[in-house]
Amino acid sequence: MNTKDVAVVILNYNGKNFLEQFLPAVCQFSGDAKIVVADNNSSDESIPFLEKQYSGKVDIIRISENLGFCGGYNYALKKIESKYYVLLNSDVEVTPNWLNPLLEVMEKHTNVAACQPKIKYYSDKSKFEYAGAAGGFMDKWGYPYCRGRLFETLESDNGQYDEEGEIFWATGCCMMVRSELYHRLGGLDDDFFAHMEEIDLCWRMLNRGYKIYYTPESEVFHVGGGTLSKESPRKTYFNFRNSLLVLLKNLPGSLLFPMIFWRMILDGVAGVKFLVEGKFGHFSAIFRAHLSFYTYIRRIWKKRNDKSSNKKLGYEQLSDFSVVYQYFAKGVRTFSALNKK
C-alpha cells in the first residue's frame, strides 16, 4: 500500500512524556507516511524536544493557543495536504502492522469515510480500551457504547470481535479519514471543544450515505486519560453536554423533542446516582452540562440546515435497545450479550 498518501497527525498538549515514549514507534512503523505533531500551545518542553530529537523526521505545526481537540485538529489539518489523515492521540502505542490495514479498508471501500483499528488497553494488553475498543455504536437514546466496552466494563480480547465491518462511530484516538470529505463537512465541530466530537463527525458522514468501518487487522494500545481522566467531572460535563448537542445536530426533526426529552430525564437519573454515591462534582457537571446545552441550541440549530444531509440515514443505524437499561437494570456486561436479553 502507498503510505505516502497518509499523514499521521498527533495533536499534542503538554505531552512531552508521551512523545518520548510513543513517537519512536510511530516513526518506525508508519512506512512513508508523513508524521506531523500539531502542538496546542504546550507549556512543557514538547517543542524543544521535537526540534532536537526529530528534526527532519517529524513536521511541527505550532498553534498559538490551546484550541482544544476539535479546534487544534481543524487548524492543523488545513495546513496538511494528504489523501488520508490519521488522527492519532499522543498516548497511543502503535504496532508494526498498524497502518496498512486501515489504508487497505479505505482503498478497497470507496464509500467508507473513516475507519479505526482495534483499540486495546496499554496497561493491560489483554483487554479492550475505553475509547473505541472494537468499534463504536449508539443505542436508541443516543448513548454511545463499544464492542468490548460497556460503560466502565472492559472485556478481554479473545478474538470475539475479529471480523471487519461497519460500525456507527470510529474513535478519535486513532481514526483514518478521507481528507477531502473531512474538509467538505467542516471537520470536527469547534463548539464541542473535546469529547463526542468524533461521534458527531461520523454521524454527519452516515447522514450523507457514507460508512464507518472497523478492522481488527490493525491493533494499537491506548493509555487513556492522557489529557482528561474519565474520572474527571470536567470530562463528565463535556460528555453529557456534547451528547445532547450530537442529538440536536443529527437527528431527524420529527424525533428531536422526544429523544432529547427522554435523554435529559435519563441524564437526571444518572445525576441522582452520582449524588447518592457522593460524587458531587459529577452531579454538578451534569447540571451545568444541561444549562450549557440550552445556551448552544440556537447556534447548533443553524448547523442542521444542510441540504446534502439525510438525517434518517444515520438514525436508522441506531441500536433498537437501551444499553443503559440492559447494563444497569439487567446486568449485561458484554457486547455479545446485548441482543440476547
Quiz item: Which of the residues spanning region 1-50 are polar (S, T, N, Q), at negative phi and out of contact with any Gly (no Cβ under 8 Å at 6 or more places or on another chain)?
Solution: ASN2, ASN12, ASN17, GLN21, GLN28, SER30, SER43
Practice problem: Return yes when SER284 is over 26 Å from ALA133 (Cα atoms), in a helix (DSSP H, G or I) and in contact with a Pro (Cβ under 9 Å, 6 or more places away or on another chain) and no when it is not. | Solution: yes
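Considering each of ILE10, ILE47 in turn, give the residue that is buried (at least 16 other Cβ atoms within 10 Å of the Cβ) and without any contact (Cβ under 8 Å) to a residue 24 or more places away in the chain.
Values: ILE10 fails: without any contact (Cβ under 8 Å) to a residue 24 or more places away in the chain.
So the residue among ILE10, ILE47 that is buried (at least 16 other Cβ atoms within 10 Å of the Cβ) and without any contact (Cβ under 8 Å) to a residue 24 or more places away in the chain is ILE47.
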Quiz item: When TYR54 is evaluated against the numbered criteria (1) buried (at least 16 other Cβ atoms within 10 Å of the Cβ); (2) of a type outside the set (Asp, Glu); (3) in contact with a strand residue (DSSP E or B) (Cβ under 7 Å, 6 or more places away or on another chain), which criterion, by number, is the only one it fails?
Solution: (3)
Exercise. Name every residue in region 309-327 that is more than 24 Å from PHE257 (Cβ to Cβ) and either in contact (Cβ under 8 Å) with a residue 24 or more places away in the chain or loosely packed, with under 15 Cβ neighbours inside 10 Å (or both), in order of residue number.
Key: TYR327
Quiz item: Would region 206-228 turn up any residue that is of a type in the set (Asp, Glu) and closer than 22 Å to LYS127 by Cβ?
Solution: yes
Quiz item: Name the helices (runs of 4 or more DSSP H) wholly within region 1-103 that hold at least 2 residues that are over 21 Å from ARG184 (Cα atoms)?
Solution: 16-29, 46-53
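In the list PHE29, PHE22, PHE69, which residue meets the criterion of being touching a Pro at 6+ places or on another chain (Cβ under 6 Å), closer than 21 Å to GLY172 by Cα, touching a residue at least 40 places away in the same chain (Cβ under 8 Å) and surrounded by 15 or more Cβ atoms within 10 Å (Cβ to Cβ)?
Details: PHE22 fails: touching a Pro at 6+ places or on another chain (Cβ under 6 Å); PHE69 fails: touching a Pro at 6+ places or on another chain (Cβ under 6 Å).
PHE29 is the lone residue from the list that is touching a Pro at 6+ places or on another chain (Cβ under 6 Å), closer than 21 Å to GLY172 by Cα, touching a residue at least 40 places away in the same chain (Cβ under 8 Å) and surrounded by 15 or more Cβ atoms within 10 Å (Cβ to Cβ).
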Quiz item: Identify, please: which residue in region 187-230 is at positive phi and modelled with pLDDT of 95 or more and is, among those, nearest to the chain's Cα centre (by Cα)?
Solution: GLY187
Self-check item: Residue satisfying condition, being hydrophobic (A, V, I, L, M, F, W, C), outside any helix (DSSP H, G or I) and farther than 21 Å from LEU19 by Cβ, within set VAL220, VAL177
Solution: VAL177
Self-check item: Unmet requirement for THR215, which otherwise passes all of (1) surrounded by 18 or more Cβ atoms within 10 Å (Cβ to Cβ); (2) closer than 30 Å to SER284 by Cα; (3) in the same structural domain as TYR143 (by TED's automatic domain parsing)
Solution: (2)
Exercise. Might you check whether a residue that is of a type in the set (S, T, N, Q) and either in the same structural domain as ILE119 (by TED's automatic domain parsing) or crowded, with 18+ Cβ neighbours inside 10 Å (or both) occurs anywhere in region 249-256?
Key: yes
Quiz item: Can you name every residue in region 151-172 that is part of a strand (DSSP E or B) and either in contact with a Cys (Cβ under 9 Å, 6 or more places away or on another chain) or crowded, with 21+ Cβ neighbours inside 10 Å (or both)?
Solution: ILE167, TRP169
Exercise. May I ask you to verify whether SER218 is among the small types (Gly, Ala, Ser), within 26 Å of ALA329 (Cβ to Cβ) and in contact (Cβ under 8 Å) with a residue 40 or more places away in the chain?
Key: no
Quiz item: Which of the residues belonging to region 270-290 are within 19 Å of PHE328 (Cα to Cα) and within 25 Å of the chain's Cα centre (by Cα)?
Solution: ALA270, GLY271, PHE274, HIS282, PHE283, ILE286
Practice problem: Within region 296-304, identify whether any single residue is among the β-branched types (Val, Ile, Thr), surrounded by 15 or more Cβ atoms within 10 Å (Cβ to Cβ) and closer than 20 Å to PHE238 by Cα, and answer yes or no. | Solution: yes
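The values are calculated or read from the model by the stated rules, or taken from the named source; none is laboratory data. Quick caveat: nothing in here was measured; it's all calculated off a predicted structure. We place every Cβ from the backbone using ideal geometry, glycine too, and count neighbours over all the protein chains shown.
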